[in-house]
Amino acid sequence: MSRLSEFQPNYENKGNQNKSQEEELRNKYDQFQNMDRNQLNAQLYQEVARQKSAGTFDYPSLISMVEGLRGSLPEADYQNIKRILETLK
């Protein structure tokens with residue numbers, strides 16, 4: 001059983017979770033920032049292949065996410081993402 005002194009209010013957990021997500025995003029940015037389009041595409045296809053082989057690739061969720069972002073994206077970017085998603089099926 002946990003001790004009361006070890007309990008963290010939910011808002012503190014969310015703060016730590018947000019910091020962790022921020023750190024992960026920064027690390028990913030650093031990892032990919034100097035790659036050209038071909039290198040990025042290769043990384044994308046490797047990750048998709050890994051997820052498909054593990055049974056964790058969720059194409060409908062990707063489509064849903066992109067549709068949710070559509071209003072925030074320039075039309076050309078949206079069309080480019082849709083084109084890329086079609087190749088991932």
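The values are calculated or read from the model by the stated rules, or taken from the named source; none is laboratory data. Everything quoted here is computed from the prediction, not taken from an experiment. Using ideal geometry, Cβ is built from the backbone for each residue, glycine included, and neighbour counts are taken over all protein chains shown. Areas reflect the complete protein model, heavy atoms only, side chains present, ligands, DNA and RNA absent. Shrake-Rupley method; radii C 1.70, N 1.55, O 1.52, S 1.80 Å.
Assorted remarks:
- Within the range 65-81, tally of residues that are open to solvent by 70 Å² or more (accessible area, probe 1.4 Å) and in a helix (DSSP H, G or I): 10
- Matching residues, the range 50-64, being surrounded by 12 or more Cβ atoms within 10 Å (Cβ to Cβ) and in a helix (DSSP H, G or I): Gln51, Lys52, Tyr59, Leu62, Ile63
- Pairs, first more than 27 Å from Ser53 (Cα to Cα) in the range 67-89, second open to solvent by 80 Å² or more (accessible area, probe 1.4 Å) and part of a helix (DSSP H, G or I), C-beta under 7 Å, six or more apart: Tyr78/Arg70
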